[in-house]
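Data block below; observations after.
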C-alpha cells in the first residue's frame, strides 16, 4: 500500500512540474508574439471601418519600422464628426434659438485616445424639440 501511495505522490509531483514548465513556456511564447519591442512611442492612426462609414474596423500603429494593427469600432452616431478617439465633457444644452430653431452646447476635451489630434473645445448643435412642457396647473384635468 505504501508503494502505491509513493508512486501516486511521485506522479503528482511530476505532473505539477511539467504543467508549471509548460505554463512558463507559454508565457514567454506569448510575450514574443505580442511584440516584445523596445519601442515606447507607438503612434496610431484613426479607426477605419471595414464596411461603410461606421462599425468594426482596423487601426494601424507605427513605431520606427514596426507596424501593428488593432481591431476597433467607429461609432454610428453624431459623435463621429469630431472623432471616436476624442472624448469630451459636455455642459447642458442652451436655450432654443428661435431664428435657427437649434440649441447648442460646448464640450471640453477630456481624453484623446491613441494620441489622436483633437480640438480642445467643440460646440455641437441640434434641432429644438417640438414638444413643450406643460406649465404648472395646465394639462391637468380639473374637476368642477
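The values are calculated or read from the model by the stated rules, or taken from the named source; none is laboratory data. None of these values were measured; they are calculated from a predicted model. Heads up, the Cβs are rebuilt from the backbone with ideal geometry, glycines too, and the neighbour counts pull from every protein chain shown.
Before moving on, here are some points about what is shown:
- In the set (1) surrounded by 15 or more Cβ atoms within 10 Å (Cβ to Cβ); (2) at pLDDT 85 or above; (3) out of contact with any helix residue (DSSP H, G or I) (no Cβ under 6 Å at 6 or more places or on another chain), the condition left unmet by residue 100 is number (1).
- Any hit, segment 104-111, residues being closer than 24 Å to residue 52 by Cα and at pLDDT below 90: no
- When we screen 28, 41 for residues that are outside any strand (DSSP E or B) and either at pLDDT below 75 or under 15 Å from the mean Cα position of the chain (by Cα) (or both), the only hit is 28.
- In segment 124-143 there is at least one residue matching the filter, namely being modelled with pLDDT under 90 and within 22 Å of the chain's Cα centre (by Cα).
- Complete set of residues in segment 103-122 that are surrounded by 11 or more Cβ atoms within 10 Å (Cβ to Cβ) and part of a strand (DSSP E or B): 103, 104, 105, 106, 107, 108, 109, 110, 111, 112, 122
- Within segment 68-86, the set of residues being at pLDDT below 85, out of contact with any helix residue (DSSP H, G or I) (no Cβ under 7 Å at 6 or more places or on another chain) and under 18 Å from residue 117 (Cα atoms) comprises 73, 75, 79, 80, 81, 82, 83, 84, 86.
- Residue in segment 44-67 that is modelled with pLDDT under 85, over 30 Å from residue 129 (Cα atoms) and in a helix (DSSP H, G or I) present: no
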